[in-house]
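First the structure, in the form of structure tokens, and then the observations on it.
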Amino acid sequence: MTYPQQIIGEYSDHMTTNTYVWYEKNRKNADEVHSHDYFQLNYVEEGYQYFHIEQKIYLVPQNHVIWIPANKLHRTTSEAKTVNPMLILFKEVFREDFYNDIHVFVAPPILKEMMLYASKWNKFLVEEEEQKIFLNSMLYSLPHFCDENHNLELPVLVDRRLIPVSEYIHSHYTTNFNLNELAEKANMSARNLQRIFKQETGITLQKYMQLVRILKSIELIDTNNFTLSEIAYKVGYKSLSAFTASYFAVTKTKPKRK
């Protein structure tokens, strides 16, 4: 079936359609902070993206999806060589708590196939009946597809005492940090540092370090310039097996080069 050219166009909050599909290979990031009246489902087919939402940074690696409720201020960043994201916007959702929270999870095969099938409606401003039924079915099934991974959230530190600690970890993630040394940077005792850090971020310093290392490893994997063993050592692991176990614990997938 051939669709008229005039029904294809860019997204606007003034659209009258209940859904909108947007798919673009090698997408440039939306660095500007923005929000919209639509609920948003993003699928990263290739590469990776960071979603900056409120006081957290969410990593969405290849073959993962993120669900963003309506009217959430957000922006995306990525240093990946190629990013192939796809998003579907929904004006209305079902009355379940799931749709009002942010979720990041691995796209199961059936959801991946559904997302790619939906690309046939890329940028259409008039909904076909099949589009309405198909995307509504996908929306209804999302809570059942979701095997949420909270480990892909990196907190943004607000407490000024903790910022030097965060900066040190980001620049010294290849080595095992000394807790007393970090405490000195925060001008507090090691015990207080651990307590305040957990209180502000919801995770321990050790978990924060693990997240930073895995984020860096995903960036290195994307370059395709290093073996997995080389990457393991570059991000501070003493063996490939230790790195693989840590990577799986965070992403729920095993590291794999392109």
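The values are calculated or read from the model by the stated rules, or taken from the named source; none is laboratory data. Predicted model, so just to flag it, every value in this text is computed and none were measured. No Cβ is skipped: glycine too gets one built from the backbone with ideal geometry, and neighbour counts run over all protein chains shown. Keep in mind that these areas ignore ligands, DNA and RNA; they rest on the heavy atoms of the full protein, side chains included. Shrake-Rupley method; radii C 1.70, N 1.55, O 1.52, S 1.80 Å.
With a 1.4 Å probe and every protein chain kept in, tell me what percent of the accessible surface of region 35-111 is carbon plus sulfur. Roughly 45 percent, rounded to a whole number.
For ASN122 and GLU24, the difference between the fully extended length at 0.36 nm per residue and the C-alpha to C-alpha distance is 34.4 nm.
For region 137-258, the share of accessible area belonging to carbon and sulfur comes to 50 percent (1.4 Å probe, ligands and nucleic acids excluded). Spin-label pair ARG195-GLU92: with each label point 7 Å from Cα along the Cα-Cβ axis, the two points sit 5.2 nm from one another. The residues of region 43-171 present an accessible area of 46 Å² per residue when probed at 1.4 Å with all protein chains retained. Using the Cβ-Cβ distance between LYS81 and GLU32 with R0 set to 25 Å, the FRET efficiency from 1/(1 + (r/R0)^6) comes to roughly 0.70.
A simple spin-label model places pseudo-atoms 7 Å from Cα toward Cβ; at SER241 and HIS150 they are separated by 3.0 nm. In this Cβ point-charge picture (+1 for Lys and Arg, -1 for Asp and Glu), the chain has a dipole of about 1100 debye about its Cα centre. For Cα pairs less than 8 Å apart in space and 6+ apart in sequence, what is the mean separation divided by the residue count of region 167-258, i.e. the relative contact order in percent? Answer for region 167-258 is 26 percent.
Relative contact order, whole percent, for the chain stands at 18, derived from Cα pairs under 8 Å and 6 or more residues apart.
Computed from the C-beta positions of ARG161 and GLU54, the FRET efficiency with R₀ = 30 Å rounds to 0.90.
Taking 0.36 nm per residue of sequence separation and removing the Cα-Cα distance, the PHE226/SER171 pair yields an extension gain of 17.8 nm. Over the chain, dividing the summed -39,500 (n - 2.57) contributions of all DSSP H runs of at least 4 residues by the number of residues returns a 222 nm mean residue ellipticity of -11000 deg cm²/dmol.
Strictly over 23 Å apart at the Cα level, which of LYS56/LYS198; LYS25/LYS234; LYS25/LYS81; LYS56/LYS132; LYS25/LYS72; LYS81/LYS234 would you flag in this model? Check vs 23 Å cut-off fails for LYS25/LYS234; LYS56/LYS132; LYS25/LYS72. Each of the peptides 49-58, 84-93 was scored by the mean count of other Cβ atoms within 10 Å over its residues; in descending order, highest first, they stand as 84-93, 49-58. Shown is the FRET efficiency for LYS254 and ASN187, computed with R0 = 45 Å from the Cβ-Cβ distance and rounded to the nearest 0.05: 0.65. The residues of region 172-258 have, on average, 54 Å² of accessible surface per residue, using a 1.4 Å probe with all protein chains present.
For region 212-258, averaging the sequence separation of C-alpha pairs within contact (under 8 Å, six or more residues apart) and dividing by the residue count gives a relative contact order of 39 percent.
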